[in-house]
Every structure is written in C-alpha cells, then in structure tokens.
Amino acid sequence: MSQQPYIDGFEFAASGGARAGRWPLRDLPRLRSSLAALDGELEYALRGTHDPMGRRALQLKLRGVLKLSCQRCLETMDFPLDVDAMLVLATSEAEIDADADDPAAPDRVLASREMPIRELIEDEVLLSLPFAPRHERCGTHHDSLGEQRRSPFAALSAMLDAPRGDGHDRRR
Ligand SMILES: [Zn+2]
C-alpha cells in the first residue's frame, strides 16, 4: 500500500491536497468496541481547503455501512454512515478552547506536521455513532431484508430525480 497514512495539516490545506480511498474497518482500532462486525470498509475523501473566514481547514467525507448492535434486541443492525465534516485547523489547544463556548464555532482540530488520517476518520465516525442504536422495529428479520431490497431502487430513483451536471457537492 503506497498510501501515506499522514498529512502535514497546514501544508495539505494550503496546497488544496486531496486523498481518497477505502479504509478497512479492521484498521480503525478505536471503533472496535462500537461495532458488531469488522468486515467491510469505509470510503473516505479528505481535501485541503479553507473555511468561509479564510482559515485553513480539512474537509472529510465518509461513507459506508457499519454493523451495530441494537440496544433493544441485541441483534445486528445496519447503520449507514454519511459524514461531511469541515475541520478548521488550529495551532494550539488554547485556540480550540477559546472557541469552545461558541455554539456557532466550527469544529476544530489541532494541526501538526504528521496528522494521522486514521485518527481523523476515527474521530468523525465516533462523533456520528448513535449513543443507543436501535432498530426502528425489532424482532422481524424480514424488515431488515426488506430494507436491503428496497434501498438499491431508492438510491437509483434518487439519482434519476437529482438535477444533473452542476458538479458541485450538495451540502445539507
Ligand atoms: Zn432491535
């Protein structure tokens, strides 16, 4: 694997760096206790950018399906992960703390010359996980099969309905 596991934060942001690929779930050790199964992988895309105030930042997108344990019936459930995070780089913990009381402040991350991509991914996944995951309706495996059968068609029809050709990211 030729993929560099680290980025130089400020340099990556300033130069508009980009990394993308697939990250095996087994290689995200801090997620292990939260996941019901470790097979599979996440798609990630990390981009160097600037926030609207011109500060150097990282944009991290993650997609994948995680297996969690339902806290009601303890069966496995699919959790679709879809993260699009903007992390504004900070030079010190003090800079991060200064923003801590401001609810409108962006997410901050301490920049360094060697920022492990793995930790950025782990942090964002951990923030996205539900505190107590639960099936909408427990007990019928037919439900989850139904979900799986329906979803490819739902995705297809969403694609057909979507406006084409603007090439921009669609943000919430
Ligand atoms: Zn359940």
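Taking amide H positions as placed 1.01 Å from N in the peptide plane, with prolines and chain starts having none, which residues 5 or more places from Ala57, or on another chain, fall under 5 Å of its amide H?
Hits under the 5 Å cutoff: Thr49, His50, Asp51, Leu89.
Hey, any idea what Rg/Rh is for the range 6-138, computing Rh the Kirkwood way over Cα pairs?
Radius of gyration relative to Kirkwood radius: 1.02.
Mark the label point 7 Å from the Cα of Met53 along Cα→Cβ and return the residues of the range 90-112 whose backbone N is within less than 16 Å of it.
Those under the cut-off are 90-111.
Please compute the modelled spin-label separation between Ser15 and Cys73, points set 7 Å along Cα→Cβ, answer in nm with one decimal.
5.1
Write down the accessible area per residue of the range 6-138 in Å², having rolled a 1.4 Å probe over the full set of protein chains. Walk me through the numbers before you get to the answer.
Details: 7580 Å² over 133 residues.
On a per-residue basis, the range 6-138 sits at 57 Å².
Carbon and sulfur together cover what percent of the accessible area of the range 6-138 at a 1.4 Å probe radius?
Values: 3630 of 7580 Å².
Carbon-and-sulfur percentage of accessible area, whole number: 48.
Mind listing the long-range amide H neighbours of Arg108? Cut-off is under 5 Å, sequence gap 5 or more, other chains count too, H placed in the peptide plane at 1.01 Å from N.
Amide H neighbours of Arg108: Val88.
Based on the Cβ-Cβ distance of Glu41 and Ala94, what FRET efficiency does E = 1/(1 + (r/R0)^6) give at R0 = 35 Å, to the nearest 0.05? Show your work: numbers first, answer last.
Values: r = 37 Å, r/R0 = 1.05.
For Glu41 and Ala94, the calculated efficiency is 0.45.
Note down the magnitude of the dipole of the range 6-138 about its Cα centre, charges +1 on Lys and Arg C-beta and -1 on Asp and Glu C-beta and zero elsewhere, to the nearest 20 debye.
Details: 17 positive and 24 negative charges, 110 e Å.
Magnitude of the dipole: close to 520 debye.
The values are calculated or read from the model by the stated rules, or taken from the named source; none is laboratory data. Bear in mind the structure is a predicted one, so any value in this text is a computation, not a measurement. Backbone-built Cβ (ideal geometry, glycine too); neighbour counts: all protein chains shown. Each accessible area value is taken on the protein alone, full model and side chains, heavy atoms only, with ligands, DNA and RNA left out. Shrake-Rupley method; radii C 1.70, N 1.55, O 1.52, S 1.80 Å.
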